[in-house]
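Enquirer: Have a look at this one before I ask anything.
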Amino acid sequence: MARRDTSFICQSCGAVYTRWQGKCEACGGWNTISEEVAVAASVPAAQRSGRKGRAVVLEKLEGTAKPAPRLVSGIGELDRVAGGGFVPGSILLIGGDPGIGKSTLLVQASAALAQRGQRVVYVSGEEAVDQVRLRAQRLGLEKADVGLAAETNAENIIATLSGGPPVHMVVIDSIQTMWSDSVESAPGTVTQVRTSAQLLVRYAKQTGACVILVGHVTKDGQIAGPRVVEHMVDAVFSFEGDGGHQFRILRAQKNRFGPTDEIGVFEMTGRGLSEVANPSELFLSNRDAGAPGTAVFAGMEGTRPVLVEIQALVAPSSLGTPRRAVVGWDPNRLSMVLAVLDARCGVRLGGHDVYLNVAGGLKIGEPAADLAVAAALVSSLTGAPLPADAVHFGEASLTGAVRPVSQAQARLKEAAKLGFASAVIPSGGLDGLDPPVTVRPVSSLAELVAGIAASAPRRARDEGPRETRNAAPRETRGSNDRNPPQRAVQHADWGDDEER
Ligand code: TYD
Ligand code: MG
């Protein structure tokens, strides 16, 4: 009888151990290690026999390379993220939270390709055929000529696909439900996921079909299963959005055939996902312009400018350690902006709770949002609204200086297109710029703070008693010789004067 080699494999990173242990030393995960039949036992005998390799012909780097032909679905947002359509023979992984709309997107993509005459097969490992049919009916796509199967065995799927006429695209929903006869581990384990993915990669490369894998996402947003699947595939997309919003964003994290950090924006409607051609309009709709604590950030997502509202709320804290809550931005980056405001501009927020929200459920990764975040924070603290027709962008450095960011022209053009009249931008980035809106260059965060502060008392006076109360929260307390601020440094006691 063959010897059973078992090993212990971390289910989140794929690290292999000889004994069980509670914590994976490779990824730090707790209770992620489980016993599996060793991968070595599943390697085909031919590969273990030690046969000699075959020499391959080496090529020159120079030569003619044809651009990859593309399978275009006609869903513009999807095709753009894929780099202008799907590449035959490539394999993609789409990850996302449960219920975010992965299956919906892929049923729509399958139907769109089928309607353009491509042969598409949709394999569901999670839902029965009837459930997929119901979804197609709801989407009004039941007439599309898509081959449908509910199957979880990778060998059966490949036999089915290889049996008929050539297939252009295969959707596997999801890779975590797949299992292969060649390994003994339970379905859903790292070994099974990896082996099934390997079989499907081989199928894609051999037949030239484009294979799309759906992947589950763990609590902390990683695609579940071993990272190796991410390395095996040609592209990794994540489908994001939060349950409370209708917007869904498809983001390329890795793409061997196209740009990364390109996004596709969709809206989940009663009849499936519809494309959002102008995301800025969507993110700025229902904006509470003129309220203190909101700033419009002119950002870039890949090649596309996207305008989005940043909302900040700064309120005196009753807690020993004030709260810092961030939605849609990097919390470390917020800490940095708060530290710079404190150390370089005298804006003390150590005794305040700070809440920051990127409206519309968008996640921003750009440091260029620093300036807009700082403006929103200071505006909330002082109660002075920022001009409703201004956009902000610029990166803050630890010295308090504001640094130029890329693609300023594209950002300003988008702002002008959406009716904004002015922009607060880094003074270092003005060279070669032909601004379509009035620009207000700032060289440091202190200058920005001074600008907002200068408008605070006057606006507050114009706008009545409520704002007056909020506008100059602590200035009037303590010594009387503090005049309305002209420069930020005179504002050194905003915030925590009782602590000092
Ligand atoms: P689904 O594609 O099943 O999500 P996933 O495959 O990522 O788990 O989407 C499920 C959600 O989408 C569900 O909560 C209902 C909603 N939905 C709509 O709002 N409109 C629609 O037309 C469809 C098909 C789904
Ligand atoms: Mg699904």
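The values are calculated or read from the model by the stated rules, or taken from the named source; none is laboratory data. From a predicted model like this one, the values you see are computed outputs, not experimental measurements. Don't worry about glycine lacking a Cβ; one is built from the backbone with ideal geometry, like all the others, and counts go over all protein chains shown. The area values use the complete protein model at the heavy-atom level, side chains included, leaving out ligands, DNA and RNA. Shrake-Rupley method; radii C 1.70, N 1.55, O 1.52, S 1.80 Å.
Enquirer: Go through the residues of segment 133-148 one by one and say whether even a single one is touching a strand residue (DSSP E or B) at 6+ places or on another chain (Cβ under 6 Å), closer than 20 Å to Val193 by Cα and within 16 Å of ligand 2 (Cβ to nearest atom).
Expert: No, every residue in segment 133-148 fails to be touching a strand residue (DSSP E or B) at 6+ places or on another chain (Cβ under 6 Å), closer than 20 Å to Val193 by Cα and within 16 Å of ligand 2 (Cβ to nearest atom).
Enquirer: Still on this structure, I have one more. Please list, ordered by first then second residue, the pairs with beta carbon atoms under 6 Å, 6 or more apart or interchain, first in segment 86-108 and touching a residue at least 24 places away in the same chain (Cβ under 8 Å) and under 15 Å from Cys210 (Cβ atoms), second in a helix (DSSP H, G or I) and more than 9 Å from ligand 2 (Cβ to nearest atom).
Expert: Close Cβ pairs (under 6 Å, with a partner that is in a helix (DSSP H, G or I) and more than 9 Å from ligand 2 (Cβ to nearest atom)) amount to Gly89/Ala204; Gly89/Lys205; Ile91/Val201; Ile91/Ala204.
Enquirer: Related question: Do the conditions hold for Glu414, that is, is it surrounded by 19 or more Cβ atoms within 10 Å (Cβ to Cβ) and either modelled with pLDDT of 95 or more or farther than 21 Å from Val308 by Cα (or both)?
Expert: When the stated conditions are applied, Glu414 does not pass them.
Enquirer: Anything in segment 82-124 that is over 18 Å from Phe257 (Cβ atoms), among the aliphatic types (A, V, I, L, M) and away from ligand 2 (no atom under 16 Å from the Cβ)? List them, or say none.
Expert: Passing the criteria: Ala112, Ala114, Val120, Val121.
Enquirer: Does Phe266 count as within 16 Å of ligand 1 (Cβ to nearest atom), crowded, with 17+ Cβ neighbours inside 10 Å, in contact (Cβ under 8 Å) with a residue 12 or more places away in the chain and closer than 30 Å to Ala26 by Cα?
Expert: No; evaluated as a whole, the condition is false for this residue.
Enquirer: Return yes when Arg304 is surrounded by fewer than 19 Cβ atoms within 10 Å (Cβ to Cβ), away from ligand 1 (no atom under 16 Å from the Cβ) and not small (Gly, Ala, Ser) and no when it is not.
Expert: The answer is yes for Arg304.
Enquirer: Now for a different question. Need pairs with beta-carbon distance below 8 Å; first residue more than 19 Å from Ala359 (Cα to Cα) and within segment 320-333, second not small (Gly, Ala, Ser); sequence gap 6+ or separate chains.
Expert: Correct list of pairs: Pro322/Leu349; Pro322/His352; Pro322/Asp353; Pro322/Val354; Arg323/Asp353; Arg323/Val354; Arg323/Tyr355.
Enquirer: Within segment 386-443, how many residues turn out to be part of a helix (DSSP H, G or I) and not charged (D, E, K, R)?
Expert: Selection size over segment 386-443: 9.
Enquirer: Then there is this: Taking the options Asp288, Asp353, name whichever one is more than 21 Å from the chain's Cα centre (by Cα), over 20 Å from Gln246 (Cα atoms) and among the acidic types (Asp, Glu). Spell out how you get there, then give the answer.
Expert: Numbers: Asp288 fails: over 20 Å from Gln246 (Cα atoms).
The conditions single out Asp353.
Enquirer: All but one of (1) at pLDDT below 95; (2) surrounded by fewer than 24 Cβ atoms within 10 Å (Cβ to Cβ) hold for Val121, so report the exception by its number.
Expert: It fails just one condition, (1).
Enquirer: If Leu356 satisfies all but one of (1) modelled with pLDDT of 90 or more; (2) on the phi > 0 side of the Ramachandran plot, what's the number of the condition it fails?
Expert: (2)
Enquirer: If a residue must be within 16 Å of ligand 1 (Cβ to nearest atom) and part of a strand (DSSP E or B), how many such residues does segment 168-216 contain?
Expert: Qualifying residue count for the region: 7.
Enquirer: Are there any pairs with C-beta distances below 7 angstrom linking a residue in segment 1-29 that is modelled with pLDDT under 80 to a residue that is exposed (fewer than 12 other Cβ atoms within 10 Å of the Cβ) and not in a loop (DSSP other than H, G, I, E, B), with the two at least 6 apart or on different chains, and if so which?
Expert: Asp5/Ala40
Enquirer: Determine whether Gly99 is modelled with pLDDT under 90, within 15 Å of ligand 1 (Cβ to nearest atom) and open to solvent by 10 Å² or more (accessible area, probe 1.4 Å).
Expert: Judged against the criteria, Gly99 is a match.
Enquirer: Which is open to solvent by 30 Å² or more (accessible area, probe 1.4 Å), in contact with a strand residue (DSSP E or B) (Cβ under 7 Å, 6 or more places away or on another chain) and more than 27 Å from Val217 (Cα to Cα), of Arg287, Arg256, Arg344, Arg324?
Expert: Arg287
Enquirer: Which condition does Leu58 not pass, out of (1) surrounded by 10 or more Cβ atoms within 10 Å (Cβ to Cβ); (2) at pLDDT 90 or above; (3) away from ligand 1 (no atom under 16 Å from the Cβ), if it passes all the others?
Expert: (1)
Enquirer: From (1) loosely packed, with under 15 Cβ neighbours inside 10 Å; (2) in contact with a strand residue (DSSP E or B) (Cβ under 6 Å, 6 or more places away or on another chain); (3) farther than 20 Å from Ala109 by Cα, pick out the condition that doesn't hold for Glu281.
Expert: For Glu281, the exception is condition (2).
Enquirer: In segment 124-140, how many residues are in contact (Cβ under 8 Å) with a residue 40 or more places away in the chain, under 22 Å from Glu77 (Cα atoms), open to solvent by less than 60 Å² (accessible area, probe 1.4 Å) and of a type outside the set (Gly, Ala, Ser)?
Expert: 1
Enquirer: Quick check: is even one residue across segment 243-250 within 15 Å of ligand 1 (Cβ to nearest atom), over 20 Å from Gly302 (Cβ atoms) and free of Cβ contacts under 8 Å to residues at least 60 places away in the same chain?
Expert: Yes, that holds for at least one residue.
Enquirer: For segment 307-321, name all the residues that are of a type outside the set (Ser, Thr, Tyr) and open to solvent by 80 Å² or more (accessible area, probe 1.4 Å).
Expert: Correct list: Leu313, Pro316, Leu319, Gly320.
Enquirer: Looking only at segment 112-132, count how many residues are in a helix (DSSP H, G or I) and within 12 Å of ligand 1 (Cβ to nearest atom). Explain how you work it out, then say what you get.
Expert: Within segment 112-132, the first condition is being in a helix (DSSP H, G or I), and the residues that meet it are 112-115, 129-132.
From what's left, within 12 Å of ligand 1 (Cβ to nearest atom): 131-132.
Here the count works out to 2.
Enquirer: Considering only segment 252-300, state which residues are more than 20 Å from Ala390 (Cα to Cα), in contact with an Asp or Glu (Cβ under 9 Å, 6 or more places away or on another chain) and either among the hydroxyl-bearing types (Ser, Thr, Tyr) or assigned to a strand (DSSP E or B) (or both).
Expert: Ala252, Gln253, Lys254, Asn255, Ile263, Gly264, Val265, Phe266, Glu267, Leu273, Ser274, Glu275, listed by residue number.
Enquirer: Name the pairs: first residue in segment 269-292 and at positive phi, second residue away from ligand 1 (no atom under 16 Å from the Cβ), Cβ to Cβ under 6 Å, at least 6 apart or on different chains?
Expert: As it stands, the answer is Gly290/Pro385; Gly290/Ala388, since those pairs meet every condition given.
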